[in-house]
Amino acid sequence: MISTRLRAALAALPLALAFTQAAHAVSSADDPAGRVLNPGMFGGAFDGVAKLLFSNSGGNFVCSGSLLAGGQYVLTAAHCADDFTSMTVDFKLGTETRTAAAAYVHSGWTGTLNDGSDIAIIKLNAKVTDINGFHLSTTNDMGKNVLLAGYGLVGQGTAGATGFDRDPPGTVPRVWRPHFGYNTIDAFGKDLDDTLFGPGAGSNAYGENYVYDFDDGTDSKNALQRLKDAFGGPWGDSSLGLGADEALIAGGDSGGGDFVWTGTEWLLTGVHSWGWDVCGQVFATCDSNPGINSSFGDISASTAVFSHTEWINSITTPVPEPETYALMLLGLGVLGTVSRRRKAR
């Protein structure tokens, strides 16, 4: 396993930020002010991006999440749901609010961020009926471009996520804004760990991690390509990025979603988990702003949804009560009788 000295989680950052300091956005290549995910954008497809405000013995904190189809559940990271006494879940800049009625944390979660277990489900106290939730991607989306969304720190790639996007004090209400950007899934977390630390060092015991880097269009900041060239990584070549659309998750985006476009809808394919500045540690010129701060040259990872669709569906798809089964069987029996009679005729 990777030492916590070498890898730190952007995921953990919201847990270290007091409520009054919490931030919200995706670190982007261009001006983040142009990346605000306002209600109704993309035809309202992302109105289900959720802000999770929660409290525990340590204080008040923020994470992100994604409303699932049906409106009753929000998918987020395990480290955002494993320790809270109360939680509010906001949508559409706070105009739609629910509370957490229950939390389902993956059974494999022990605090390890790179074994595919950093995923959880929040059951809302009441369904959201006026927002379309997200359907899940059931396929391996390696190599595809994804849209990243969340309420994390604001910033640009040259300096990293260093600012906040919230209305000034005294403004009522003080709106917290979600942001978005794009990236390309380049590698699996296990492949990266095995390459850097030896076969068997990585783990996908509970599922895969999607890994992507923050490119500025130059070879020097193309983290996963430089690591591949130096250590012989098995993943495909990493591009120089998506230009002004390139982005990376930042603190507070934890639990938010990666979304892949099918041509007809955006499917939820990843849950934001952790970040790492490994390339900057290995190559002096690889990190625009050394440290785990979502600057050019850093990498991040999301828990791959396709690894967990069965588990997610087991919680979010209710099983009919026994009496319901009896009625269903009775109905099938009637249909069978009618069918036989029709055949007889």
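Each reported figure results from applying straightforward, stated rules to the coordinates on display, with no laboratory input. Everything numeric here is computed off the predicted structure, so don't read it as measured data. Because the Cβ atoms are built from the backbone with ideal geometry, glycine has one as well, and the counts that use them run over all protein chains shown.
Computed quantities for the displayed model
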quantity	calculated
Distance between segment 244-281 and segment 113-134 - C-alpha centres, whole angstrom	16 Å
Least to most buried among Ile249, Ile312 (fewest other Cβ within 10 Å first)	Ile312, Ile249
Over 32 Å (Cα to Cα) - which of Lys51/Lys228; Lys92/Lys228; Lys123/Lys190 fall in this group	Lys51/Lys228; Lys92/Lys228
Nitroxide proxy distance, nm - points 7 Å out along Cα→Cβ at Ala205 and Ala244	4.6 nm
Simple label model, 7 Å out from Cα along Cβ direction - Asp130 to Ser55, nm	2.7 nm
Sites Thr309 and Thr97, calculated FRET efficiency, Cβ-Cβ separation with R0 35 Å, nearest 0.05	0.80
Theoretical FRET efficiency, 1/(1+(r/R0)^6), r = Cβ-Cβ of Phe42 and Phe283, R0 45 Å, to 0.05	0.75
For peptides 130-142, 285-297, 229-241, sequence by mean Cβ density within 10 Å, most packed first	285-297, 130-142, 229-241
Neighbour-count order for Tyr182, Tyr210, Tyr104, fewest beta carbons within 10 angstrom listed first	Tyr104, Tyr182, Tyr210
Theoretical FRET efficiency, 1/(1+(r/R0)^6), r = Cβ-Cβ of Ser220 and Thr162, R0 25 Å, to 0.05	0.70
Euclidean distance between Cα centres, segment 289-310 to segment 194-234, Å	11 Å
Ranked list, fewest to most other Cβ atoms within 10 Å of each Cβ, for Lys51, Lys123, Lys228	Lys123, Lys228, Lys51
Calculated from backbone phi, Karplus (6.51, -1.76, 1.60) coupling profile of segment 209-226 in Hz, x at Gly/Pro	10, 8, 10, 9, 10, 10, 9, 10, x, 10, 5, 5, 9, 7, 4, 5, 5, 5
Phi to ³J(HN,Hα) by Karplus 6.51 cos²θ - 1.76 cosθ + 1.60 over segment 140-154, Hz, x for Gly, Pro	6, 9, 3, x, 8, 7, 10, 9, 9, 9, x, 9, x, 4, 8
